[in-house]
Amino acid sequence: MTMSSDPALWEMFRTEVDTHMAVLTDGLLALERDPQHRGQLDTLMRAAHSIKGAAKIVGLPAAVDVAHALEDCFVAARERRLQLNSRLIDALFEGVDLLGRVAHVDTAGDDVAEAVRDVVDKIAAATTASTTTETESVRDAPTTERSVSRDSTMRNVFRPVGGLDASWVLAHHRDVAAVLQQGQSDIRFDLARVDAIDPMGLALLSLANRELAARGRRIRLRLEGVSPQLAQLLEAARFVRHGPSAVEG
């Protein structure tokens, strides 16, 4: 498979990945909160399949391999051949993150190839474990792992620095899911020190907003310290028009 040099095809591929990364992140976050919510799996499978097809068109085997591993996992979960658990969902998040990185590099060098092998191996290992001896679900993960590690009076406040991006989501998605599961008070994101939000960050905020909206107007997602540039991004993503969010500059 030879990589395409057509800029239009590459732009199509990057747009496809950016669009479906948000879908994949959104769906994985929902499954992390409720592994039995299998209605998400069809959407996830289609998103991975679309990225795989686009990667084949531009001749990018690294992205094909990762998307194919994701798709196989979603198909197996839908057919109840494996159990979704924290280890597997973490590996899938890494795969989604890697797709975003691969889509925005000009060449697939040795470092990318090594990262692809590592992620595909992790997904395969987690899949194998979930079909054999590992039966732990995300909901049953150890309390120390899922708890929000901050002062109890500030446990609903998140203060990302630099970018609300894939790296931040990978590091903190369980903390956010734990607070959403409690559902007892507003969730606050202090964005004063954030200069960029990527599709995975937007997906995390959108999911939190929808989860809180489902509970009515009693509690909401509060975005504080929002710069004019980030406010424009959120507006362009139509984020602030849905649910009970409050955006404060």
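Read-outs throughout are calculated quantities, based only on the coordinates presented, and are distinct from any laboratory measurement. Keep in mind that what you see is a predicted model, and the values were worked out from it rather than measured. Please note: Cβ atoms are built from the backbone with ideal geometry, for glycine as well, and neighbour counts cover all protein chains shown.
Over the Cα atoms of region 7-139, the radius of gyration divided by the Kirkwood radius equals 0.97; this is the Rg/Rh ratio.
Relative to a virtual label point 7 Å from the Cα of Arg117 in the Cα→beta-carbon direction, which members of region 50-76 show backbone nitrogen distances below 20 Å? Under cut-off, by backbone N: 60-70. From least to most packed, judged by other beta carbons within 10 angstrom and beginning with the fewest, Ile219, Ile123 follow the order Ile219, Ile123. The loop-placed GluC sites (Glu not before Pro) in region 28-84, going by DSSP, that have at most 10 neighbouring Cβ atoms within 10 Å of their Cβ come out as Glu79. Taking 0.36 nm per residue of sequence separation and removing the Cα-Cα distance, the Gln181/Asp42 pair yields an extension gain of 47.7 nm. In terms of surrounding Cβ atoms within a 10 Å radius of their Cβ, Met200, Met21, Met45 rank from fewest to most as Met45, Met21, Met200. Note on Arg210 and Ala196: the model spin-label points, each 7 Å out from Cα along the C-beta direction, lie 2.6 nm apart.
Between Phe158 and Arg188, Phe189, Asp190, the built amide H atoms are under 5 Å apart, and every one of these is 5 or more places off in sequence or on another chain. Under a 5 Å amide H cut-off, with hydrogens placed 1.01 Å from N, Gly163 pairs with Asp195 among residues at least 5 apart or on other chains. For Ile57, Ile89, the sequence from fewest to most other C-beta atoms within 10 Å is Ile57, Ile89.
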